Amino acid sequence: MRTFANENERLEKFPVAGRQIFLAHAGVTALPACVADAMADQARASSLQQQEFADVLRVIRQTREICAQTIGAGEDEIALLGPTALGLSLFANGLTWSPGDEVVCFADDYPSNVYPWINLRTLGVNIVFVNPSVPGRITVDEVRDALSPRTKLVALASCHYLSGWRIDVPAIGELLRSQGILFSLDAIQTIGAFPTDAASVDFLSADSHKWMLGPMAIGIVFVSRRNFDRCRPTLLGAWNVKSPEFIAGNEIEFEAGARRYEPGVLNATGIYGMKAALDLIATEGIPNVQSTILALRDELEDHLARLQFEFLSPRSHEPMRSGILTAKHPKTSAEHLFAALEKHHIIASLRSSRDGTRWLRFSPHFYNTSSEIQTVASVLEAALT
């Protein structure tokens, strides 16, 4: 597990830990101090000069670099855009579709990765849903069974937002590439916590406000360079269409690389924050972050199992588990337990599955501690009795 020199260092770097036990990183994260400081410094500098001061372009370039390094992509394949839905919509709307084309996706995925695809029905595209036996546990075989000669694209999430099952991205990517099928990935529930390799996909989108520990409405949009011409930008402006001396031309000529998907001025404050967040994650190292998250999650699972909770998430022996642990108690409502957690300043998430069942979702990060997990278990045990 991650060890700090002392508790004061942990609280200095993660101020939220001084006020709450924050276990909701699968939702909207609290910002580390370095991220908040980077954004505040940029905002203060913007009060002394124009917002697009010289340093901004340098930080934009550096942020592309670390985003590319984080997912194993080229810098020219990175657009700095958020939220996740924006990137997914750019993919869905930028491709050319013909009546009868098919898209494979998961109906119980997070809505941002469902609506852009089912909207293609207006163009005559058929939507085919994978139907895993366990919510979110989508295997290579289940993807294969959903394919047909008309399948043009498969759109999946790297990890299910509710159950916490991860998918085997490299294996699914290999299957789809062998058949000439495009692969779009919603990666918001893994980047920052688990290795997420863009080499296996054609398109990827992930906002920074979850496991990356970054701000809202800025993220990583990846388009493989082999698809630049295939996925036409649908948002146009002076930043992505060449406009020498800010004069509009008679023809549309896009800027090189994934910049073609960025239509106008970028979210500079968010970019400063995301860079600081990814720098922090890189310093810790994804392998260390992953192992710490899983150790904390598994420790909490042990406590909840002792208290006879039922789990929607994979159990600790499953290699495709994530940092998400979703559970309910058969005798006590999730609402009652959630209220007890809130009373003790413990932040989790209260979520529903399609059948109306209410669940508690816990999602610790590397800076959480075993002591915090034990406190959560104590509070829940008291609430049960």
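The values are calculated or read from the model by the stated rules, or taken from the named source; none is laboratory data. No experiment lies behind these values; they were computed from the predicted model shown. Reconstructed Cβ throughout: ideal geometry from the backbone, glycine too, with neighbour counts over all protein chains shown. Quick note on the areas: whole protein, heavy atoms, side chains included, nothing else; ligands and nucleic acids left out. Shrake-Rupley method; radii C 1.70, N 1.55, O 1.52, S 1.80 Å.
Values computed for the structure shown
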item: Only listed residue being assigned to a strand (DSSP E or B), touching a Phe, Trp or Tyr at 6+ places or on another chain (Cβ under 7 Å), modelled with pLDDT of 95 or more and surrounded by 19 or more Cβ atoms within 10 Å (Cβ to Cβ), chosen from ALA73, ALA155; result: ALA155
item: Region 330-352, residues that are assigned to a loop (DSSP other than H, G, I, E, B) and either within 25 Å of GLY192 (Cβ to Cβ) or in contact with a His (Cβ under 6 Å, 6 or more places away or on another chain) (or both); result: HIS345, ALA348
item: Answer residue from region 237-294, given it is open to solvent by 40 Å² or more (accessible area, probe 1.4 Å) and among the hydroxyl-bearing types (Ser, Thr, Tyr) and is nearest to SER363 (Cα to Cα) among those; result: SER291
item: Inter-residue pairs, beta-carbon under 7 Å, first free of Cβ contacts under 8 Å to residues at least 60 places away in the same chain and in region 348-364, second assigned to a loop (DSSP other than H, G, I, E, B) and open to solvent by less than 20 Å² (accessible area, probe 1.4 Å), 6+ apart; result: LEU360/ALA348
item: Identity of the residue in region 209-234, out of contact with any Phe, Trp or Tyr (no Cβ under 7 Å at 6 or more places or on another chain) and aliphatic (A, V, I, L, M), that ends up most open to solvent (accessible area, probe 1.4 Å); result: MET216
item: Residues of region 353-377 classified as in a helix (DSSP H, G or I), open to solvent by 10 Å² or more (accessible area, probe 1.4 Å) and in contact with a helix residue (DSSP H, G or I) (Cβ under 9 Å, 6 or more places away or on another chain), total; result: 3
item: Subset tally (residues that are modelled with pLDDT under 95 and either on the phi > 0 side of the Ramachandran plot or in a helix (DSSP H, G or I) (or both)) for region 207-261; result: 3
item: Hits in region 40-62 - residues which are of a type in the set (A, V, I, L, M) and either open to solvent by 40 Å² or more (accessible area, probe 1.4 Å) or touching a strand residue (DSSP E or B) at 6+ places or on another chain (Cβ under 8 Å) (or both); result: ALA43, LEU48, ALA54, LEU57, ILE60
item: Among the residues listed as GLY192, GLY136, GLY173, GLY164, the single one being assigned to a helix (DSSP H, G or I) and crowded, with 17+ Cβ neighbours inside 10 Å; result: GLY173
item: Enumeration of residues in region 1-14 that are open to solvent by 60 Å² or more (accessible area, probe 1.4 Å), within 25 Å of the chain's Cα centre (by Cα) and farther than 18 Å from GLY323 by Cα; result: LYS13
item: Any chance ARG44 is modelled with pLDDT of 95 or more, part of a helix (DSSP H, G or I), under 20 Å from GLY219 (Cα atoms) and not acidic (Asp, Glu); result: no
item: Top-ranked residue in region 196-206 [being among the small types (Gly, Ala, Ser) and in a strand (DSSP E or B); ranked as surrounded by the fewest Cβ atoms within 10 Å (Cβ to Cβ)]; result: SER205
item: Residue selected from region 98-126 under the condition open to solvent by less than 30 Å² (accessible area, probe 1.4 Å) and hydrophobic (A, V, I, L, M, F, W, C), by the criterion farthest from the chain's Cα centre (by Cα); result: VAL125
item: Those residues of region 305-328 which are of a type in the set (Ser, Thr, Tyr), surrounded by 23 or more Cβ atoms within 10 Å (Cβ to Cβ) and in a loop (DSSP other than H, G, I, E, B), in sequence order; result: SER313, SER322
item: Hey, ASP298 touching a strand residue (DSSP E or B) at 6+ places or on another chain (Cβ under 9 Å) and either surrounded by fewer than 17 Cβ atoms within 10 Å (Cβ to Cβ) or of a type in the set (S, T, N, Q) (or both) or not; result: yes
